[in-house]
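Nothing in this text is a laboratory measurement; each read-out follows from the coordinates by a stated rule. Every value quoted in this text rests on a predicted model; they were computed, and no experiment measured them. A quick note on method: Cβ atoms are made from the backbone with ideal geometry, for glycine too, and the neighbour counts reach across all protein chains shown.
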Amino acid sequence: MLDPKFIRSNPDLVMAGLTNRGAEIAPVENFLSVDEEWRKLTAKIDERKARRNAASEQIAQLKKNKTDASKLLAEMKVLSDEIKTLEDEQKGFERQIEEIVMAIPNIPQATVPKGKDCRDNLQVRMWGEKRKFDFKPLPHDELGKKLDILDFDRAAKISGSRFVVYKGLGAALERALISFMLDLHIKENGYTEVMTPAMVLPESMRGTGQLPKFEEELFRCRDDELYLIPTAEVSVTNLYREEILPSGSLPIKHVAYSPCFRREAGSYGKDVKGIIRQHQFNKVELVKFVEPDKSNDELEKLTADAELVLKKLNLPYRIMQLCSGDLGFSAAKTYDIEVWFPSENQYREISSCSNFESFQARRANIRYRPAKDAKPEFVHTLNGSGLAVGRCFAAILENYQKADGTLEIPEVLKKYL
RNA sequence: GGAGGAGUACCCAAGUGGUCUAAGGGGGCGGUUUGCUAAACCGUUAGUGGCGAAAGCCAGCGUGGGUUCAAAUCCCACCUCCUCCGCCA
């Protein structure tokens, strides 16, 4: 969430930022008026409480001296009832403010290109040579079926649409990719591995920004207040929720493998073929907690760390900077990595690397001490896929297929298979 | 799932309705002393949010409610941890 004090003192800046991303500005105006009411009321309540505290001391003295206090008691009874009424009103305002502020998205950084949707995203760089095929490359799902390593029909039987069964070398390849990515980030890029729960409390979803606005995209348990994570970002970022990290502990860099669960509500008819868009998929996620003035540098590094996976696999890709209108709810700046799919003759997203600045840290109350006895400040959080394993699997099938319908194995994966 | 017990500040811990403005100890920080270190002694130490120019005031003892003029303290619910029993990969 944004800092209420920042909204209060810079409403024009906030509204301009929201307009750039195509969001409503009404919540800001709404906030300003409720906030004003709340501040007035709070001052009023504090005043009355100060009076009550003073009277309490008097009553204690009177009782001690065995003097009659009934007049003061009666007075305080009235005052206390009044305080209670005002406090109920105050809680109402607080709930309203919380609801409003939690629904306001992050403000894009000044350097983020202005635009409406993904067509206005900016290509930052490209890498790799697109392979020249002397045959017509098959789409990954057809190839997977032919090789008997992907089974869509049986997956649909047991779980419905948008699921897949990996079989034989398919399962082995998926597993190899996970191990390869983890090892790379741990050994070469300096991340510490964590393996976290795939089910989390609503507070965690609020911490990273999935709730309260995007509940329809989540799988929820019927009998327990638990949600399946749509990305390891949720459980890993919330590791340090409600904590003050000691000075010198930043940056913290975690890598986590997790299954991810998404309802994909509203994407009917989109990417229905293949394993590009599934209700359950595997992902290796990179998450960083850094000092505020370093977060943009750290975003460049994080993106480079994710890119290294594709470089080692020799898969052509490009880096896109998302325009203001295409940014996710919590992000202030985002690079997407898109990998080449020869059968479709197009690039497709395989990673999204974002700087959330203090947006998630404030929601999740994650702070650090800049120096030993300094006051705590909110950290900046970042994350990025490093990478989406299923999409990487698909890209390997497509880019490494041979004319005879078999598959070449990327050099770096051989020791994992 | 059942039965007990416990949550107080960086840590340990006292506190069963009113100078609790939370005792005491440890640790940290600052100081005195000192050739240096240690010891001793003195001082200091919850983060945070709100109002205010400031002084200050208000909130805060796991969380949320309630009782009361007044709650760390009494009542209710919940959460977490510990011990034992049962079940279980």
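See the values below:
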item: Order of A:His254, A:His185, A:His380, A:His279 - criterion: other Cβ atoms within 10 Å of each residue's Cβ, fewest first; result: A:His279, A:His254, A:His185, A:His380
item: Estimated FRET transfer efficiency when R0 is 30 angstrom, pair A:Leu32-A:Glu89 (beta carbons, to 0.05); result: 0.95
item: Estimated [θ] at 222 nm from DSSP helical runs (n ≥ 4, -39500 (n - 2.57)) normalised by residues in chain A, nearest 500; result: -13000 deg cm²/dmol
item: Options A:Met126, A:Ser56, A:Ala69, ranked by Cα towards positive dipole end of region A:43-175, top entry (Cβ charges); result: A:Met126
item: Å³ per residue enclosed by the Cα convex hull of chain A; result: 177
item: At 1.567 mPa s and 4 °C, Stokes diffusion of region A:215-308 via Kirkwood alpha-carbon radius, µm² per second; result: 83
item: C-alpha long axis of helix A:11-20 to longest principal axis of chain A, angle in °; result: 20
item: Computed E for A:Lys71/A:Ala43 - FRET, C-beta separation, R0 25 angstrom, nearest 0.05; result: 0.35
item: Amide N of region A:324-366 lying under 19 Å from the label point, which is placed 7 angstrom from the Cα of A:Asp297 along Cα→Cβ; result: A:333, A:354-358
